[in-house]
Amino acid sequence: MTTVTNTPAQATALSENEGPRRRRRFRESQEDTRKINWWATAFIAVCSLTVLIPLYLAVMVALKTPDQIATGTGFEWPTTVRWENFADAWTRTNFPQALLNTGLITVGALVLTLLSNSIVAYAIARNIHRRFFRTSYFYLLAALFIPFPIIMLPLVKQTSLLGIDNQVGMIILYTVFGLSLNVFIYTAYIRTIPIELEEAATVDGASTWRVFWSIIFPLLGPMNATVGILTCVWAWNDFILPLVILSDPGDRTLQLAQYVFQGQFNTDYTVAFASYLMAMAPLLLVYIFAQRWVISGVTRGSIK
Amino acid sequence: MSTATTKTEAIVTAGSRRVRGRRPLTARAEGRAAPAFYWMVWPALALFAFFHTLPVLVGIFFSFTNYPGFGTWEFVGFANYANLFRDDRVLAAYGFSFGFAIAATILTNVISLAIAMGLNAKIVGRNAFRGIYFVPYVLAILVVGYVFQFLFSNSLPRLLPNIPLVAENILSNPEWAWLPIVILAVWQACAFAIIIYLSGLQTIPHELYEAASLDGAKSWRQFRSITFPLISAFFTINMVLSLKGFLQVFDHIVALTNGGPGTATESITLLIYKGGFTGGEFAYQTANAVIFVIVITIVSLLQFRVLQRREADFG
């Protein structure tokens with residue numbers, strides 16, 4: 001089971017890393033002439049503290065007792081560690097439910113986005129010279145310039161009328177709203193894939209769908225990674241869409257649960273911070289283990 | 001029979017149009033695409049139109065009514081729009097959003113360009129540092145914002161009791177509460193901007209700098225004449241994306257001040273949310289949103305123009 005789920009990811013990660021790593025090694029052999037720049041190292045090291053300080057503060061506060069918070073600045077090392085903060089946060093924010101909701105929405109949006117958006121992009125990329133497909137392409141692209149506030153109020157009416165003001169609705173919305181950017185990302189990539197392969201398959205009698213699933217989709221690895229990362233980070237961390245769409249407290253996502261908790265117990269810092277750490281942890285862990293892969297994926301999506 | 005002829009004619013005309021359009025005359029380019037291709041696109045288009053375009057149109061429609069979000073409504077013409085321009089709260093929200101967005105955009109770009117250049121130099125542990133700087137990208141702004149809120153309201157007043165501004169909670173100071181919001185926004189946005197600048201900087205060959213220093217160019221001169229012109233496309237992208245994103249600021253404010261003290265830090269998105277959902281101003285705030293779309297589009301296009309002209313000047 002685990003092997004099955006791991007292999008494709010690892011395979012992509014490997015093929016992903018090969019390019020940049022080889023290039024980097026090549027560059028490093030070139031760079032060897034440069035001396036190590038200690039001023040730059042010091043500058044980068046000092047500045048990186050500004051990234052780490054808030055995270056350090058979050059961990060410190062989450063480990064303390066309320067008394068230590070009341071008297072200190074929050075930065076001191078805890079005198080006694082109070083692990084119950086995490087247990088309290090677990091029950092008070094109804095953490096398992098929120099985690100399940102966020103997980104469901106993120107995974108649902110991820111799978112549906114990868115499967116559907118790539119198909120749309122394939123059809124558009126291969127027919128961009130036809131008016132219908134070209135118009136569709138620019139229609140989707142134009143939506144990138146429409147800010148969310150204008151659709152926010154009517155959209156809420158619409159989803160509650162349809163009865164999809166729940167996780168299913170969120171999955172649909174992320175998949176549909178993602179189309180604009182994802183089709184743009186996929187299309188540019190698909191157009192670099194030579195068409196001869198598909199033509200050969202068509203001659204052998206494969207249908208258009210068959211061609212897509214057995215030839216194109218496997219070749220989309222790097223772009224699937226990019227789109228997947230962007231979708232995951234978006235769906236996991238998003239706050240405004242769940243805030244306005246989800247109506248039932250049982251449907252709350254992790255971010256929404258933090259918001260509600262903050263509103264109810266806004267001075268209960270130790271438990272709140274434990275809960276923040278738990279909300280951040282899953283994505284942060286994924287990032288720590290797949291760091292290089294995540295960075296290259298995001299870069300690929302934004303640089304053309 | 002007749003339909004078959006029309007179809008053939010259509011194919012022929014389409015084909016000849018292709019020739020006139022100087023497109024490569026391959027077998028694919030002629031006529032209609034395989035039906036499967038249409039089936040791949042139109043369901044997605046229909047869903048997109050339903051969930052994205054329809055709400056926009058409904059919003060525009062209701063912006064000409066007095067609909068409070070429930071019950072009955074009637075047309076009021078341009079009254080909502082006329083009132084927007086006389087509403088001090090709306091004008092203040094635009095003022096705040098623009099001030100905030102400009103400050104955050106400039107700071108984000110200056111800081112992330114500096115850090116990207118540092119990361120591009122030959123330094124110890126470059127990949128580890130690059131990894132650290134990207135961490136904020138995967139964290140939710142809301143949650144990080146709550147940590148910053150604690151930092152500004154509890155930690156800093158005790159750590160720095162002698163600095164007048166931070167000694168009392170800066171978040172409850174109507175004059176300066178925008179500053180922590182800018183700091184949070186820059187902290188978060190730099191992660192992405194650094195990566196963009198870094199990939200821009202990596203396209204510049206080192207030989208250029210070596211040649212320049214042989215010619216006696218100092219670092220500032222190298223930056224002005226080599227680095228900046230060569231990454232100006234990345235600069236344009238970052239400036240446009242940051243400004244557009246920051247103008248729509250929402251999560252940061254909810255976490256830090258919730259628009260307060262009073263309405264001192266209320267952004268346009270927050271105002272639309274508050275007024276539209278809890279203030280019974282559905283139609284009025286939709287009109288506000290329509291104006292907001294127009295403003296954002298104009299600003300983005302203007303910025304593109306100006307920055308691209310700069311690019312041309314440098315090149």
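Throughout, read-outs are computed from the coordinates displayed, never taken from laboratory work. Note that the coordinates shown come from a computational prediction; the quantities given were computed from them, not determined experimentally. Note: ideal-geometry Cβ built from the backbone for every residue, glycine included; neighbour counts use all protein chains shown.
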Check your understanding: Relative to the Cα centre, what is the charge dipole magnitude of region B:85-218, using +1 at the beta carbon of each Lys and Arg, -1 at the beta carbon of each Asp and Glu, and rounding to the nearest 20 debye?
Key -> 260
Study note, to complete from the structure: Ranked from fewest to most other Cβ atoms within 10 Å of their own Cβ, B:Lys244, A:Lys157 fall in the order A:Lys157, B:Lys244
Revision key, fill the gap. Along region B:284-293, Karplus-curve 3J(HN,Hα) (6.51, -1.76, 1.60; θ = phi - 60°) to the nearest Hz, with x for Gly and Pro, reads 4, 6, 5, 4, 4, 5, 4, 4, 4, 4
Check your understanding: So, with +1 on the Cβ of K and R and -1 on the Cβ of D and E, and no other charges, what is the size of the charge dipole of the protein assembly as shown about its Cα centre, to the nearest 20 debye?
Key -> 2160
Check your understanding: What length, rounded to one decimal in nm, is gained on full extension from A:Val59 through to A:Ile193, with 0.36 nm per residue of separation minus their alpha-carbon distance?
Key -> 43.5 nm
Check your understanding: Which of A:Thr91, A:Thr175, A:Thr208 moves the most in a Gaussian network model of chain A with Cα springs under 10 Å?
Key -> A:Thr208
Exercise for review: Starting from the exponent 0.38 and prefactor 2.2 Å, build the expected Rg for region A:120-213 from its residue count and divide its actual Cα Rg by it.
Suggested key: 1.38
Revision key, fill the gap. Applying the gyration tensor rule to the Cα atoms of chain A (axes a ≥ b ≥ c; rounded if a/c under 1.5, else prolate if a/b exceeds b/c, else oblate), the class is oblate
Exercise for review: Would you work out if chain B is rounded, prolate or oblate? Take a ≥ b ≥ c from the square roots of the eigenvalues of the alpha-carbon gyration tensor; rounded if a/c is under 1.5, else prolate when a/b is larger than b/c, oblate otherwise.
Suggested key: oblate
Practice item. Starting at the first residue of region B:42-57, write each ³J(HN,Hα) from the Karplus equation 6.51 cos²θ - 1.76 cosθ + 1.60 with θ = phi - 60°, in whole Hz, x for Gly and Pro. Key: 5, x, 5, 4, 4, 5, 5, 4, 5, 8, 10, 6, 4, x, 4, 5
Point to revise | Evaluated at q = 0.19, 0.20, 0.24, 0.27 Å⁻¹: base-10 log I(q)/I(0), Debye formula over Cα of region A:84-130 | key: -0.69, -0.72, -0.82, -0.88
Study note, to complete from the structure: Distance in Å, no decimals, from the C-alpha centre of region B:170-227 to the one of region B:63-108 is 34
Check your understanding: Which one of B:Phe192, B:Phe150, B:Phe282 has the biggest mean-square fluctuation once chain B is modelled by GNM with Cα springs under 10 Å?
Key -> B:Phe150
Study note, to complete from the structure: Calculated from DSSP helices alone, with each H run of at least 4 adding -39500 (n - 2.57) and the total divided by the residues of chain A, [θ]222 nm to the nearest 500 comes to -25000 deg cm²/dmol
Review point. Arranged by the count of other C-beta atoms within 10 angstrom, fewest first, what order do A:Lys64, B:Lys122, B:Lys218 take?
Key: B:Lys218, B:Lys122, A:Lys64
Check your understanding: Which far-off residues, 5 or more places away or on another chain, put their amide H under 5 Å from the one on B:Thr65, with H placed in the peptide plane?
Key -> B:Val76
Check your understanding: Once the Cβ-Cβ distance between B:Glu74 and A:Thr202 is put in as r, and R0 is 56 Å, what FRET efficiency do you end up with, to the nearest 0.05?
Key -> 0.45
Check your understanding: Dividing the convex hull volume of the alpha carbon atoms of region A:33-95 by its residue count, what do you get in Å³ per residue?
Key -> 134
Review point. Which whole-Hz couplings ³J(HN,Hα) result when phi for each residue of region B:142-154 is put into the Karplus expression 6.51 cos²θ - 1.76 cosθ + 1.60, θ = phi - 60°, listed in order with x for Gly and Pro?
Key: 4, 5, 4, x, 5, 5, 4, 4, 4, 4, 7, 8, 10
Exercise for review: Can you give me the span-like helices of chain A, meaning DSSP H runs with 27 Å or more of Cα extent along the axis and Kyte-Doolittle mean at or above 1.6?
Suggested key: A:38-63, A:269-289
Exercise for review: Take B:Met239, B:Met40 and order them by how many other Cβ atoms sit within 10 Å, fewest up front.
Suggested key: B:Met239, B:Met40
Check your understanding: Gaussian network model of chain A, Cα springs within a sub-10 Å range: biggest mean-square fluctuation belongs to which of A:Leu181, A:Leu99, A:Leu153?
Key -> A:Leu153
Revision key, fill the gap. Taking R0 as 30 Å and r as the Cβ-Cβ distance between A:Thr50 and B:Arg86, the FRET efficiency 1/(1 + (r/R0)^6), rounded to the nearest 0.05, comes to 0.10
Study note, to complete from the structure: Honestly the protein assembly as shown on the Cα gyration tensor test (a ≥ b ≥ c root eigenvalues; a/c under 1.5 rounded, otherwise a/b vs b/c for prolate or oblate) is just oblate
